[in-house]
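Below: one structure, written as C-alpha cells.
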Amino acid sequence: MTQNRTNFGSRFGIIMAAAGSAVGLGNIWRFPVETGNNGGAAFLLVYILSVAVLGIPLMVAEFFVGRYAHSNTATAYRKLSKSAFWGNLGFISVIGANLILSYYIVVAGWVLKYMIYSANGTLSAIFNASDASNYTALFNGFASDVWSPIICMVFFILMSHCSIILGVQKGIEKFSKIFMPMLFVILIVLVVFSLFTPGAKDGLYFLFHPDFSKLNSQSILSAVGQSFYSLSLCMGCLCTYASYFSKKVNIVNTAVSISLIDSIVAIMAGIIIFPAVFSSNIDPQTGPSLVFIALPSAFHQAFGNWPIISYIVSTLFYVLLVLATLTSAISLHEVPTAYISEAWNVKRTHAATIVTIICSLLGILCSLSMGILSDVTLFDKNIFELFDYTTTTLMLPLCGILITVFIGWKVNKYLIVSELTNNTYKNTAVVNIIVWILKYVAPLLLIVTFLNGLGLFEF
Ligand code: TRP
C-alpha cells in the first residue's frame, strides 16, 4: 500500500505536526516537576545541553529513517537492514508507542476533566486561602473513581481517533495547524499574567538562577531522560511523521526548529508555573500532583484579589494542556495505525479503530489502578506506574541506544549523507558531526542513563 501514501502539504504543516508531537504533558507537566525536584536553573541548563547534543542528532536519525524508507516505522527499519535483530527495532518502537499512548490517555482524561472543572467554576468554588486540602480531595476522589476517569479517557482517545481517520493532511496536519498556534497564543497570555503575580520574582529566580550545588549524577540523567521524552524520541513518532515528508524538506533544519520550539514551550511553562507556585508558598517539589492539586490552588491564591482573573488563567491553562496533550496523543496513535494499515494491509480507519480499542482497554487498567486496582502491584508499582516505568525508563533509552548504534555503525554513511543533504552533498560537515555523535557520544551517554535508571550504575 506504500504507493498510496500521502505527504504533509506544507513546511509549516510539518513543523506544527512534529512540534505538536513534541509539545505535550512532557513540557507542561513533567518538565516543571523535574525542574522543581532537581533544583531549578541548573537542571534547565543540563536539559538544554542534552537537547542540543543528544536530542537533535537522534531526531535527525529518526527523520532520516522515516523519510528514507517512506513507510511506517516497523517496515522502515526492515528496509534499512536485512538482519532480524536490527530490522525489528522499528517494531519495538511501535509497541512502545502503543504502550505510552495507553497511559498517556489516562492523564489526558484527567486534563480534560480539569478543563471542565475549571470552566464550570468548580475549581474556583472550592478555593480556600488557608487550606489546599479541598483540591487534594477533589483530585483523589476523581482519579480513584471507576467511571468518570474512564469516560474522560475514552472521550479523549476518540478525539485523537477522529483526527487520525481524517488522514495525514486533512486530519493530523490540519488539526496541528489550528491547535499549535492557539497553544502559543495561550502560552503568551499566561506568561504575561504570571509576570504580575506576587511570586514572579522568586519563581523566575528559581528557574533562571543556577545553583550548581544542586546538580548531581541523578539530576543529569533525569535531564537526559526528560529531553528524550519531551522531544518524542525513540518511539517511532518522528520516524512515522518523517515518512510523510517530501524529499525537499531539510531534515537538519526541521529537527533544530522543532527542538527549539519544544524547549521554548517548556521554559514558558516554567515561567507560568513557578511564579504561581512561589506566590502561594507551595513547595516547588510537589511532584506529579503539581498540575492537579498544587496549581489550581496556586492560581487562585496568586490572583486572590481578582477571582475573575484566577478563573480565566486556570481555565486557559487547562485548555492549553488539552491542546498540547491531544497533538502528542495523535502522533502516538499514528505510529501503530500506520504500521497496522500498511503491514497488515487493512484500511486506515480499521487500523485506527484497532489501536483505539487496544489502548482504551489497557488505559482502563491503568485508570483503575488509581482506585479499585491499586493493590495490583509488581515490583511495588501499580499498573499505571508499570506502564510508565517500562516505556520511559526501560524502552525509551534502550531503543535510543539501539537506534544510535544502528545509524552510527550499521547503516552506510553515504546513504545518510545523501538523504540528509537531499542529494546535494552540501554542508556535509554538519552531517558528519551528527553521525559522529550518534556513533560515539550518544550510545555511551544513553547506556549510562539506562543503567542508572535500572539502579545498576551510579557515578
Ligand atoms: N513528547 C510528548 C510530551 O512531551 C509525549 C510523547 C509523544 C512521547 N510521543 C512520544 C514521549 C514518544 C516519548 C516517546 O508530552
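The values are calculated or read from the model by the stated rules, or taken from the named source; none is laboratory data. What you are looking at is a predicted structure, and each value in this text was computed from that prediction instead of being measured. Because the Cβ atoms are built from the backbone with ideal geometry, glycine has one as well, and the counts that use them run over all protein chains shown. Just so you know, the surface numbers come from the protein's heavy atoms only, side chains and all, with ligands and any DNA or RNA stripped out. Shrake-Rupley method; radii C 1.70, N 1.55, O 1.52, S 1.80 Å.
Applying the criterion of being β-branched (V, I, T) and surrounded by fewer than 23 Cβ atoms within 10 Å (Cβ to Cβ) to the residues of region 3-15, the residue that is farthest from the ligand (Cβ to nearest atom) is T6.
Determine if region 16-36 includes at least one residue that is surrounded by fewer than 20 Cβ atoms within 10 Å (Cβ to Cβ), part of a helix (DSSP H, G or I) and over 17 Å from the mean Cα position of the chain (by Cα). Looking through region 16-36, none of the residues is surrounded by fewer than 20 Cβ atoms within 10 Å (Cβ to Cβ), part of a helix (DSSP H, G or I) and over 17 Å from the mean Cα position of the chain (by Cα). Does region 155-176 hold any residues that are more than 18 Å from the chain's Cα centre (by Cα) and open to solvent by 50 Å² or more (accessible area, probe 1.4 Å), and which are they? F155, L158, C162, I165, L166, Q169, K170, K174, listed by residue number. Within the option set S222, S243, being surrounded by fewer than 24 Cβ atoms within 10 Å (Cβ to Cβ), in contact (Cβ under 8 Å) with a residue 12 or more places away in the chain and within 16 Å of the ligand (Cβ to nearest atom) holds for one residue only, S222.
When region 80-139 is examined, which residues are found to be crowded, with 23+ Cβ neighbours inside 10 Å, more than 14 Å from the ligand (Cβ to nearest atom) and over 17 Å from F299 (Cβ atoms)? Within region 80-139, L89, G109, L112 meet the criteria. Residues in region 390-429 that are closer than 15 Å to W86 by Cα and outside any helix (DSSP H, G or I): V411, N412.
Tell me, yes or no, whether region 368-385 has at least one residue that is of a type in the set (A, V, I, L, M), within 17 Å of V154 (Cα to Cα) and at pLDDT 95 or above. Yes, that holds for at least one residue. Whether a residue is in contact (Cβ under 8 Å) with a residue 40 or more places away in the chain and under 21 Å from S263 (Cβ atoms) was assessed, and F193 does not pass this test.
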